[in-house]
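> Below is a structure I'd like to ask you about.
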Amino acid sequence: MIDWKKDIYLVEGVFDSFSVKRNVIPLLGKFLLSKLKNKIMEKGVKDVTIMLDSDAVEDSTKHTEWFQKSGIKVRNIIPTDKDAGEMGFRKVNEILKSAKETTWDDLVKAKLSNI
């Protein structure tokens, strides 16, 4: 039920996906499986938004870097106090609407903050 021509949203768990609702793929963890990476590339996805839990900053940063190197625009959203499932549909969609593309500078800053 994914429309591969539209933005794809990646979240950590099923309850997080309920808060996004549209074109969302729960990773069922923090890791991006190679099968999903291949599917995203095969389908020519142009935009991906990553919204993992706050304890997965290092993983979401790695995923962001992979997407950027693959020529895919990515928005990496790091929740501050609650995960998407706890925030609910309205709050999550406010965050998604205001999210900007993650730049190379943003990626470097995220990496440095994890050292």
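> Whether any residue in segment 104-115 is part of a helix (DSSP H, G or I), out of contact with any Asp or Glu (no Cβ under 8 Å at 6 or more places or on another chain), at pLDDT 90 or above and of a type in the set (Lys, Arg) is what I want to check.
For segment 104-115, residues part of a helix (DSSP H, G or I), out of contact with any Asp or Glu (no Cβ under 8 Å at 6 or more places or on another chain), at pLDDT 90 or above and of a type in the set (Lys, Arg): absent.
> Only residues that are open to solvent by less than 40 Å² (accessible area, probe 1.4 Å), within 16 Å of Lys97 (Cα to Cα) and in a loop (DSSP other than H, G, I, E, B): list them for segment 5-27, please.
Across segment 5-27, the qualifying residue is only Asn23.
> I'd like to know if segment 50-67 contains one or more residues that are over 19 Å from Gly29 (Cα atoms) and among the charged types (D, E, K, R). Spell out how you get there, then give the answer.
So in segment 50-67, the residues over 19 Å from Gly29 (Cα atoms) come out as none.
Checking segment 50-67: not a single residue is over 19 Å from Gly29 (Cα atoms) and among the charged types (D, E, K, R).
> Out of the residues in segment 28-43 that are in a helix (DSSP H, G or I) and either open to solvent by less than 60 Å² (accessible area, probe 1.4 Å) or among the polar types (S, T, N, Q) (or both), state the one that is farthest from Asp16 (Cα to Cα).
Checked segment 28-43; the qualifying residue farthest from Asp16 (Cα to Cα) is Asn38.
> Give the residues of segment 75-87 that are surrounded by 12 or more Cβ atoms within 10 Å (Cβ to Cβ), modelled with pLDDT under 90 and outside any helix (DSSP H, G or I), sorted by residue number.
Scanning segment 75-87 gives Ile78, Pro79, Lys82, Asp83.
> Please enumerate the residues belonging to segment 13-27 that are of a type outside the set (A, V, I, L, M) and more than 15 Å from Lys37 (Cα to Cα).
Gly13, Phe15, Asp16, Ser17, Phe18, Ser19, Lys21, Arg22, Asn23
> Looking at Asp105, Asp81, which one is of a type in the set (Asp, Glu), more than 14 Å from the chain's Cα centre (by Cα) and over 21 Å from Phe15 (Cα atoms)?
Result of the check over Asp105, Asp81: Asp105.
> While we're here: State whether one or more residues within segment 59-69 are assigned to a strand (DSSP E or B) and out of contact with any Pro (no Cβ under 9 Å at 6 or more places or on another chain).
no
The values are calculated or read from the model by the stated rules, or taken from the named source; none is laboratory data. Computed from a predicted structure; not experimentally measured. A quick note on method: Cβ atoms are made from the backbone with ideal geometry, for glycine too, and the neighbour counts reach across all protein chains shown. Accessible surface areas use protein heavy atoms only, side chains included; no ligands, DNA or RNA. Shrake-Rupley method; radii C 1.70, N 1.55, O 1.52, S 1.80 Å.
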